[in-house]
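S.K.: Input: one structure, supplied below.
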């Protein structure tokens, strides 16, 4: 069976698969820390997970695991677990690295980049669905990692990288462009600094 996420020829865009173009989603994406009580639908969650797993990963190892939390009791335990996870939202997705699927030896830590790409895809997807989200870092805060592993009963080779709080934003999300030319360095050109 083909997932409803994928768009076959003749797909009707107005039925809700894509709500905005990529540029609009990138510029409109903001950290949202206050949410209404309205639930995120199963269809929206499915789309977000498809978006996440469409991200790149080194040698396509896909060293990620996604823990979807809608349960209020578990959600509250996560809120209590860390300094940066204090956002009440109807949905949390914990993105974790599975070191058994990570690249070997000195490349092992590439799982962090792979999972970060998945997280950014989730954040852009959230924005395209007119939802809001906040990326809350877990790893490398050792105590926070251990607390999340305990709450979710995770083995030691599953390392929580981030908690993503997701829901319907309270209030309007204002787009902004944070471009700053001071952070851009052209190399090998006539007026290059380097």
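S.K.: Which condition number in (1) in contact (Cβ under 8 Å) with a residue 60 or more places away in the chain; (2) in contact with a strand residue (DSSP E or B) (Cβ under 8 Å, 6 or more places away or on another chain); (3) crowded, with 21+ Cβ neighbours inside 10 Å is the one that residue 82 fails?
M.R.: Unmet condition: (3).
S.K.: I would also like to ask the following. Among the numbered conditions (1) surrounded by fewer than 18 Cβ atoms within 10 Å (Cβ to Cβ); (2) at pLDDT 95 or above; (3) in contact with a helix residue (DSSP H, G or I) (Cβ under 7 Å, 6 or more places away or on another chain); (4) farther than 25 Å from residue 147 by Cα, tell me where residue 39 comes up short.
M.R.: (3)
S.K.: Something else: Checking residue 79 against (1) over 24 Å from residue 27 (Cα atoms); (2) touching a helix residue (DSSP H, G or I) at 6+ places or on another chain (Cβ under 8 Å); (3) not in a loop (DSSP other than H, G, I, E, B), which test does it fail?
M.R.: It is condition (2) that residue 79 fails.
S.K.: Looking for whichever is modelled with pLDDT of 95 or more, in a helix (DSSP H, G or I), surrounded by 14 or more Cβ atoms within 10 Å (Cβ to Cβ) and touching a helix residue (DSSP H, G or I) at 6+ places or on another chain (Cβ under 6 Å) here; the options are 52, 117, 25. Which one fits? I'd like the intermediate steps shown before the answer.
M.R.: Values: 117 fails: touching a helix residue (DSSP H, G or I) at 6+ places or on another chain (Cβ under 6 Å); 25 fails: modelled with pLDDT of 95 or more.
On inspection, the qualifying residue turns out to be 52.
S.K.: Check the range 143-154 and report whether any residue there is within 16 Å of residue 64 (Cβ to Cβ) and assigned to a strand (DSSP E or B).
M.R.: Here is the first cut: in the range 143-154, the residues within 16 Å of residue 64 (Cβ to Cβ) are 145, 148-149, 152, 154.
From what is left, the residues that are assigned to a strand (DSSP E or B) are none.
So far as the range 143-154 goes, no, none of its residues is within 16 Å of residue 64 (Cβ to Cβ) and assigned to a strand (DSSP E or B).
The values are calculated or read from the model by the stated rules, or taken from the named source; none is laboratory data. Being a predicted model, the structure only gives us computed values, none of them experimental. Cβ coordinates were reconstructed from backbone atoms using ideal geometry, including for glycine residues, and neighbour counts include every protein chain displayed.
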